[in-house]
Amino acid sequence: MQPVESYLAANHDRFVRELCEYLRFPSISAQPQHRDDVFACARWLTKHFQSIGLEATLRPTPGNPVVVAKTPRAPGSRKPHYLIYGHYDVQPPEPFDLWHSKPFEARIEGNRLYARGACDNKGPSFAHFKAVEAYLKTGTELPCDITFVVEGEEEVGSEHLAAFLEENRRELQCDGIVISDTGLVSPKHPTISYGLRGIAAMEVTLHGPSRDLHSGLFGGSLDNPAMALCQLLAQLRDTKGRVAIPGFYKSVAALTTYEREQAKRLPFGAAAYRKFLGVPKLFGEEGFTPHEQRSARPTLEINGLTSGYQGDGSKTIIPAWARAKITMRLVPNQKPPQILQLVAKHLRSICPPTVRMELSLGHSGEPYMISAESPQVQTALNALKKSFHRDPVLVREGGSIPIVNDFKRILKKDVLLLGLSLPDDNAHSPNEKFDLDVFAKGLRMSACLWPELAALHGASGTPRKPRPRRA
Ligand code: BES
Ligand code: ZN
């Protein structure tokens, strides 16, 4: 391990420069005009993997390509095989005017690297790429065979990845999957996420008159779709912060006492949290702490609301239509199709006869939970402790990575979520950043992980059960 650690320290500045190159691609999967940039980013990544000494290929899908890169391995290798998953696509950078520097020209200020995709997910996954490079370039034997699977559609629901996993099931057969695309509670709290919320998306459109109408000439004699939509949406949440849709909470698994106790160990100050969010007062479902509200409880959120005239000045119209984009975040044991059905049924039942409702269902993903006592989680806790020199914490996360369930279903293996993104890293927001001290810790974390996981599997390749230690 010593040569690996020395290599990581000696090459840190070059790694940062290379990460800045990776961040220059506006690989925005949501925007069709950036399709060429998405492909260019995938090609760059393939070449980069090859320069590290990996066997890398760009694999087409009906959507954006998947980059697959493998560490060199002896034929018939009996080493444990791990997949590392990441995504090279990023969220749209808008609104541009709130960025302090250009989103695709990485800027370093102190120990912070600012760019769209810095923490979600180019930076954290880069830590794994470079840790593997350190093994290969120092001639240190990697105790595990590793295959990177880096996709370009995560931010739009990973539409084609499940089929890709199915088609390449044999090649990707493995002992486990490692993902660094979740949160790090703080640099002092190395974090394993043992739960993710699921998601279910839909769009609700209310159609009113056949065209925008003069609001003076006609207003008062017909319904206004924007107003009707606001009234409709307002009925979806009660004053206690609960989703007011019959049956919404029916299958929700309650938090265990152990989980509630664990959450108390996390650093949290309500006043600082309120300030950090920039809201005048916190709001959430009564009877739960903010941490529980945003990780272990389901929600319904409006993500976008569009209607009428959006330009400068005023335009006196009754808009022809109004649309809301909504998502529900789900927790065990809620099922996306059932929830979508429930919400759609409820919306139809409360839609007034004065407008016509159109519903379109979007992407979805199930919630994910892994036992905190599984041998792999316990082993990863050791690796985290060694690399961060701190006791790790186990948390449930509010975000979603729908593909984790596909990994589990198709490859029948658990996913280890080792996050490197800080709460103030501005994922999906303007001025997204990645903390370069966390990058250094992430490099060490990845380097430490492979000997630990290999020891867990022993020579036989089947996991031994380490003595459980709860974080
Ligand atoms: N990296 C995030 C997910 C995440 C972040 C999970 C922090 C836990 C903690 C991922 O890139 C993401 O944003 N996922 C989307 C999924 C959606 C588009 C299907 C999300 O959660 O909104
Ligand atoms: Zn994201």
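Couple of notes before you dig in:
- In this structure, Ala106 does satisfy being more than 15 Å from ligand 2 (Cβ to nearest atom) and not basic (Lys, Arg).
- Filter pass, Ala106 being modelled with pLDDT of 95 or more, of a type in the set (A, V, I, L, M) and open to solvent by 30 Å² or more (accessible area, probe 1.4 Å): yes
- Taken over the stretch 112-153, the residue count meeting the criterion of being outside any strand (DSSP E or B) and farther than 15 Å from Glu432 by Cβ is 20.
- Flag if Pro337 is in a loop (DSSP other than H, G, I, E, B) and not small (Gly, Ala, Ser): no
- Residue match in the stretch 404-424 (condition: farther than 29 Å from Gly278 by Cβ and within 10 Å of ligand 1 (Cβ to nearest atom)): yes
- For the stretch 72-103, a residue qualifies if it is within 16 Å of ligand 2 (Cβ to nearest atom) and either within 24 Å of Val404 (Cβ to Cβ) or polar (S, T, N, Q) (or both), and the qualifying residues are Tyr85, Gly86, His87, Tyr88, Asp89, Val90, Gln91, Pro92.
- Failed condition for Thr46, given (1) surrounded by 17 or more Cβ atoms within 10 Å (Cβ to Cβ); (2) without any contact (Cβ under 8 Å) to a residue 60 or more places away in the chain; (3) more than 17 Å from Gly123 (Cα to Cα): (3)
- Selection count, the stretch 103-142, where residues are in contact with a strand residue (DSSP E or B) (Cβ under 7 Å, 6 or more places away or on another chain), of a type in the set (A, V, I, L, M) and more than 16 Å from ligand 1 (Cβ to nearest atom): 3
- The condition of being β-branched (Val, Ile, Thr) and either exposed (fewer than 14 other Cβ atoms within 10 Å of the Cβ) or within 16 Å of ligand 1 (Cβ to nearest atom) (or both) holds for only one of Thr306, Thr289, Thr299, that being Thr299.
- Residue count for the stretch 81-102 under the criterion of being open to solvent by 10 Å² or more (accessible area, probe 1.4 Å), assigned to a loop (DSSP other than H, G, I, E, B) and either of a type outside the set (D, E, K, R) or within 14 Å of ligand 1 (Cβ to nearest atom) (or both): the result is 6.
- The stretch 186-227, residues that are aliphatic (A, V, I, L, M), crowded, with 16+ Cβ neighbours inside 10 Å and away from ligand 1 (no atom under 11 Å from the Cβ): Ile192, Met202, Val204, Leu206, Leu213, Ala226, Met227
- Among the residues of this structure, Arg396 does not count as one that is within 19 Å of Lys122 (Cα to Cα), outside any loop (DSSP other than H, G, I, E, B), away from ligand 2 (no atom under 16 Å from the Cβ) and open to solvent by 10 Å² or more (accessible area, probe 1.4 Å).
- Candidates Arg17, Arg112: the one that is open to solvent by 70 Å² or more (accessible area, probe 1.4 Å) and either within 27 Å of Glu141 (Cβ to Cβ) or without any contact (Cβ under 8 Å) to a residue 60 or more places away in the chain (or both) is Arg17.
- Among the numbered conditions (1) of a type in the set (Phe, Trp, Tyr); (2) within 16 Å of ligand 2 (Cβ to nearest atom); (3) in contact with a Lys or Arg (Cβ under 6 Å, 6 or more places away or on another chain), the only one that Tyr114 does not meet is (2).
- Among the criteria (1) in contact (Cβ under 8 Å) with a residue 12 or more places away in the chain; (2) within 16 Å of ligand 2 (Cβ to nearest atom), the one Leu58 does not fulfil is (2).
- The set of residues from the stretch 68-82 being among the hydrophobic types (A, V, I, L, M, F, W, C), more than 12 Å from Leu161 (Cβ to Cβ) and under 22 Å from the mean Cα position of the chain (by Cα) comprises just one member, Ala69.
- When the stretch 312-330 is filtered for residues that are open to solvent by 40 Å² or more (accessible area, probe 1.4 Å) and assigned to a loop (DSSP other than H, G, I, E, B), the ones remaining, listed by number, are Asp312, Gly313, Ser314, Lys315, Thr316.
- Checked against (1) out of contact with any Pro (no Cβ under 9 Å at 6 or more places or on another chain); (2) part of a loop (DSSP other than H, G, I, E, B); (3) modelled with pLDDT of 95 or more, Val252 meets all criteria but (1).
- Residue list for the stretch 145-176, restricted to those being in contact with a Lys or Arg (Cβ under 6 Å, 6 or more places away or on another chain) and either crowded, with 24+ Cβ neighbours inside 10 Å or more than 23 Å from Pro72 (Cβ to Cβ) (or both): Gly176
The values are calculated or read from the model by the stated rules, or taken from the named source; none is laboratory data. Note that the structure is a prediction, hence the values are computed from the model and not measured. When we count neighbours, we look across all protein chains shown, and the Cβ atoms used for this are built from the backbone with ideal geometry, even at glycine. Note: accessible area is taken over every heavy atom of the protein model, side chains too, but ligands, DNA and RNA are not part of it. Shrake-Rupley method; radii C 1.70, N 1.55, O 1.52, S 1.80 Å.
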